[in-house]
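One structure below.
The values are calculated or read from the model by the stated rules, or taken from the named source; none is laboratory data. From a predicted model like this one, the values you see are computed outputs, not experimental measurements. Note that each Cβ is placed from the backbone with ideal geometry, even for glycine, and that neighbours are counted across all protein chains shown. Calculation scope for accessible area: heavy atoms of the full protein, side chains included, ligands and nucleic acids excluded. Shrake-Rupley method; radii C 1.70, N 1.55, O 1.52, S 1.80 Å.
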Amino acid sequence: MVRPIIRYGEPVLHRTAEPVTEITAEVDALIEDMIQTMYAAPGLGLAAPQVGVPIRLFVVDTSLGHRADDLVVMVNPEFVEREGMQLEEEGCLSVPGFNSTVARPERVVVRGLDRHGAEHVREGTGLLARAFQHEMDHLDGRVFVDRLRGIQRDLIVRRIRKLSRTGKW
Ligand SMILES: [Zn+2]
């Protein structure tokens, strides 16, 4: 089931998500819905807070569903390694219509649980590293806009406020 994606400004997107204590049938159904929602958008990744569920879980697929091996489900993820630096344009399904250049490490290694509760470790460079970090930020209540410098951030926030006031957000 495709779920509605929560937009910037909703409190659930701006607070730290809670660890998953057990991968219950409910959590498994949420993972399935998140995968479907990510592909339907389409997007490269989706974190549970973006569908209104404040738990530490994200899905990423930089192939947008074209290569089955590229689908990554991470429950309770943590960084094992982070190195280098890349500067690329970034957007977010919760901030539609806005893009900005964001500095991120070039390579990361993430450890977490897969859909079945088994520990797995995934390495990402370039776009995959960016996707991992973007989704990890969501679990800490951070949206890419929060990583921008003053003027850039203020411009986007002001535009979003204006859209909200006119009921277009
Ligand atoms: Zn996002």
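Shape of the stretch 1-130 from its Cα gyration tensor (a ≥ b ≥ c, root eigenvalues): rounded if a/c is under 1.5, otherwise prolate when a/b > b/c, or oblate?
Values: a/c = 1.42, a/b = 1.11, b/c = 1.27.
Rounded.
If you roll a 1.4 angstrom probe over the protein chains with everything in place, what fraction of the accessible area of the stretch 46-147 belongs to carbon and sulfur, to the nearest %? Working shown, then result.
Details: 1920 of 4280 Å².
About 45 percent, which is the carbon plus sulfur part of the accessible surface.
In nanometres, what is the gap between the two model label sites at residue 86 and residue 12, each 7 Å from Cα along Cα-to-Cβ?
Calculated label separation equals 2.9 nm.
What's the extension gain from residue 1 to residue 125 if we count 0.36 nm per residue and subtract their Cα-Cα distance?
Details: separation 124, 0.36 × 124 = 44.64 nm, distance 3.06 nm.
Value of the extension gain: 41.6 nm.
State in Å² the accessible area per residue of the stretch 6-82; use a 1.4 Å probe, count heavy atoms of protein chains only, and round to the nearest integer.
Working: 3650 Å² over 77 residues.
Here the per-residue accessible area is 47 Å².
Relative contact order for the chain using alpha-carbon pairs under 8 Å, separation at least 6, rounded to a whole percent?
Details: 313 pairs, mean separation 38.5, N = 169.
The normalised contact order for the chain reaches 23 percent.
Nearest-5 percent of antiparallel DSSP beta bridges in the chain? Each step should come with its number before you reach the end.
Working: 25 of 26 bridges.
Once the DSSP bridges in the chain are tallied, antiparallel ones form about 95 percent.
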